[in-house]
Amino acid sequence: MDKTQIKLNNVSSDSTTRKNALEILGNRKKASRLSDLVPFLGPAFIASVAYIDPGNFATNIEGGAKFGYMLLWVIFLSNLMAMLFQTLSAKLGIATGLNLAEHCREQFPRPIVIGMWLLMEVAAMSTDLAEFLGAALGFNLLFGISLFWGAILTTIATLFILGLERYGFRPLEAFISAMVGTIALCYLIETLIGHPEWGKVFFHSLVPSFAGTESLFIASGILGATVMPHAIFLHSALTQNRIAVKDKEQLRRLFHFEIADILIAMGIAGLVNAAMLIMAAATFNKTGASDVSTIEVAYHTLEPLLGRTAKWFFGFSLLVSGLASSTVGTSAGQIIMQGFIRRNIPLWVRRLITISPSIIVIGLGFDPTRTLVASQVILSFGLPFALIPLVLFTNRSDLMGDLVNRKFTTILAVFSTAIVILLNLFLVYKTFVPS
């Protein structure tokens, strides 16, 4: 089968998905079945990768090693906030046909747009830096490959995975979803091997508690690694033209299906994050190895505690996470560039602009853990410039029509935005002014 035939088959797959989705949306008398969800699943799975990237590995492992199961509730609260913001982002794309970056370009004065674009480019590059570093660490820990050559392999893999886009949206969605499933399976096995104390797991999942300033600092890091600006920009782009409908009732039904997509994908991401912390609590905190604060130390400490199998699953899940998240981060970077400045820049140039800083920093040999921390701090500065416009735009009836936020949704979004921004400011303060 030649390349042209492959491309036609995959484009046909997209057309079939759209056709099936439109039939389901148009059939108002028929009750929805579980199988009706299938054509609508995908966008949230791609966005959810940002919530299980190497930055999450670092913060969740440190939290579990130092404080046991105590901060599990932070993961679930952060996940609920992330679900809210991703829902608003998806709704913006569905209702308006434009993504968040394009709305910023259309609604704000040009100097502000240029400033936001530059800041978001830096944030996207910082995201890619953490994710490329995570994948490079995966190659290094599993196969002994240097970080630089691990980053080169990550670049090749990222461009290959993104190349699936030429065959339509469905192959890329399926591939990324499979990677999310792989990470989830690895951590399910890790959790079962670790034999956690399930009573403590359930208690700390529901009951908020802290143990001094250090636990608040790590909680802020967990939240900062969960709510990501590039994922918010990306999700609105993933839904804006995927299934185009204008009928009001069909728009509402499409939005409801997208909510289901978000609940499933983000629910899996939340459970993976919880499994990371549970593994660290059951393994490191329980055995007194509470000083495990880096991914490398966690990897090498696992074997004497749980055996080679646990160590291998940890390294493999890190590698898959890094590859998946670097792909999604690079895609978000090119969407941000195209949305803010509306320039017809060749696709490969946009991707290389996003990727290049990561290769340079890793090639210069910066300390991996410090680099991860620095990238998270930069993301903290960029987060308000994603959340505040998102809440403003989705609260405007002239833009959103019937899908405009309800009053309760707006109040909840404003409150959540304030919490996220304040905790990120605390994270930045503690990073630069340690006690």
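Taking region 59-77 as the range and being within 21 Å of the chain's Cα centre (by Cα) and in a helix (DSSP H, G or I) as the test, the residues that pass are 59, 60, 61, 62, 63, 64, 72, 73, 74, 75, 76, 77. Residue under question is residue 58, and the condition is that it be under 25 Å from residue 216 (Cβ atoms), modelled with pLDDT under 85, surrounded by 24 or more Cβ atoms within 10 Å (Cβ to Cβ) and among the small types (Gly, Ala, Ser); does it hold? It is true that residue 58 is under 25 Å from residue 216 (Cβ atoms), modelled with pLDDT under 85, surrounded by 24 or more Cβ atoms within 10 Å (Cβ to Cβ) and among the small types (Gly, Ala, Ser). Of all residues in region 77-89, those that are touching a residue at least 40 places away in the same chain (Cβ under 8 Å) have Cβ atoms under 9 Å from Cβ atoms of residues that are of a type in the set (Asp, Glu), 6 or more apart or on another chain, in 87/258. Within region 126-146, the set of residues being aliphatic (A, V, I, L, M) and at pLDDT 85 or above comprises 135, 136, 137, 141, 142, 145.
Which residue, of 136, 174, 184, is in contact with a Leu (Cβ under 6 Å, 6 or more places away or on another chain) and of a type outside the set (D, E, K, R)?
Going through 136, 174, 184 in turn, just one is in contact with a Leu (Cβ under 6 Å, 6 or more places away or on another chain) and of a type outside the set (D, E, K, R): 136.
For beta carbons closer than 7 Å, sequence separation of 6+ or different chains, a first residue in region 147-166 that is over 15 Å from residue 361 (Cβ atoms) and a second that is of a type in the set (Phe, Trp, Tyr) and in a helix (DSSP H, G or I), the qualifying pairs are 153/139; 161/175; 164/175. Scanning region 134-156 for residues being more than 18 Å from the chain's Cα centre (by Cα) and either within 19 Å of residue 48 (Cα to Cα) or outside any helix (DSSP H, G or I) (or both) gives a total of 3.
Filtering region 157-177 down to residues that are assigned to a helix (DSSP H, G or I) and of a type in the set (Gly, Ala, Ser), which residue is nearest to residue 322 (Cα to Cα)? So that I can check it myself, show each step before the final result.
First, the residues of region 157-177 that are assigned to a helix (DSSP H, G or I): 157-167, 169-177.
With of a type in the set (Gly, Ala, Ser) added as a condition, the list becomes 157, 163, 174, 177.
Working: 157: 11, 163: 17, 174: 17, 177: 14 Å.
Once the filter is applied, the top-ranked residue is 157.
Being in contact with a Phe, Trp or Tyr (Cβ under 7 Å, 6 or more places away or on another chain) and at pLDDT 85 or above holds for only one residue in 386, 324, 413, and it is 386. Scanning region 376-435 for residues that are part of a loop (DSSP other than H, G, I, E, B) and either of a type in the set (A, V, I, L, M) or surrounded by fewer than 17 Cβ atoms within 10 Å (Cβ to Cβ) (or both) gives 383, 396, 404, 406, 433, 434, 435. At least 2 residues being farther than 15 Å from residue 47 by Cβ and modelled with pLDDT of 90 or more is the threshold, and among the helices (runs of 4 or more DSSP H) wholly inside region 180-276 those reaching it are 198-206.
Every test in (1) under 21 Å from the mean Cα position of the chain (by Cα); (2) among the hydrophobic types (A, V, I, L, M, F, W, C); (3) closer than 22 Å to residue 237 by Cβ; (4) surrounded by fewer than 19 Cβ atoms within 10 Å (Cβ to Cβ) is passed by residue 101 save one, and that test is (4). Looking for something surrounded by fewer than 19 Cβ atoms within 10 Å (Cβ to Cβ) and either within 19 Å of the chain's Cα centre (by Cα) or under 18 Å from residue 386 (Cβ atoms) (or both) - is there at least one such residue anywhere in region 251-262? Taking every residue of region 251-262 in turn, at least one turns out to be surrounded by fewer than 19 Cβ atoms within 10 Å (Cβ to Cβ) and either within 19 Å of the chain's Cα centre (by Cα) or under 18 Å from residue 386 (Cβ atoms) (or both).
The values are calculated or read from the model by the stated rules, or taken from the named source; none is laboratory data. Fair warning: this is a prediction, and the values are worked out from it, not measured in the lab. Every residue, glycine among them, receives a Cβ derived from its backbone with ideal geometry; neighbour counts consider all protein chains shown.
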